[in-house]
Amino acid sequence: MDATGDAEFVSEIRAARRLPPPVVARAIREAAGVSQSRAARQIGVHRLTLLRWETGTRAPNEAHRSEYARVLDQMRDAVNP
């Protein structure tokens, strides 16, 4: 693995560790006043995918985990500046 690959790997691990439990993720989105549709578009997934993440029936795959964590961080920051 090269330096870029190592950095991406570490970033993915950090993102996975940053993800709150599904019920907390939903609370963050709702507190920010963001609809599931809007949040899903921002992440790049279908609204039903986000619904499944928020209910805990599915978890984000590696391709979406970092972006989901980033969007949740932005929403949390908007609520708690």
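Read the figures in this text as sums done on the coordinates, not as results from a lab. Given the structure is predicted, the values throughout are model-derived calculations rather than measurements. Note: ideal-geometry Cβ built from the backbone for every residue, glycine included; neighbour counts use all protein chains shown.
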Residue by residue through the range 44-53, which ³J(HN,Hα) values in whole Hz follow from phi under the Karplus form 6.51 cos²θ - 1.76 cosθ + 1.60 (θ = phi - 60°), with glycine and proline marked x? x, 10, 6, 4, 5, 5, 4, 4, 5, 5
Could you please report the charge total around residue 52, scoring K, R as +1 and D, E as -1 over all other residues with beta-carbon less than 13 angstrom from its beta-carbon? +2
How tilted is helix 22-31 with respect to the longest principal axis of the chain? Cα atoms for both, answer in degrees (0 to 90, nearest 10). 60 degrees
May I ask for the angle, rounded to the nearest 10°, between helix 62-79 and the longest principal axis of the chain, with both axes built from Cα atoms and the value confined to 0 to 90°? 50 degrees
Where does the range 3-79 land on the Kirkwood hydrodynamic radius, alpha-carbon pairs, in angstrom? 12.6 Å
Using the number of other C-beta atoms within 10 angstrom as an exposure proxy, rank 34, 71 with the fewest first. 34, 71
HN-Hα J in Hz across the range 32-39 - Karplus 6.51, -1.76, 1.60, θ = phi - 60°, x for Gly and Pro: 7, x, 9, 6, 4, 4, 5, 5
Computed [θ] at 222 nm, deg cm²/dmol, the chain (DSSP H ≥ 4; -39,500 (n - 2.57); rounded to nearest 500): -23500 deg cm²/dmol
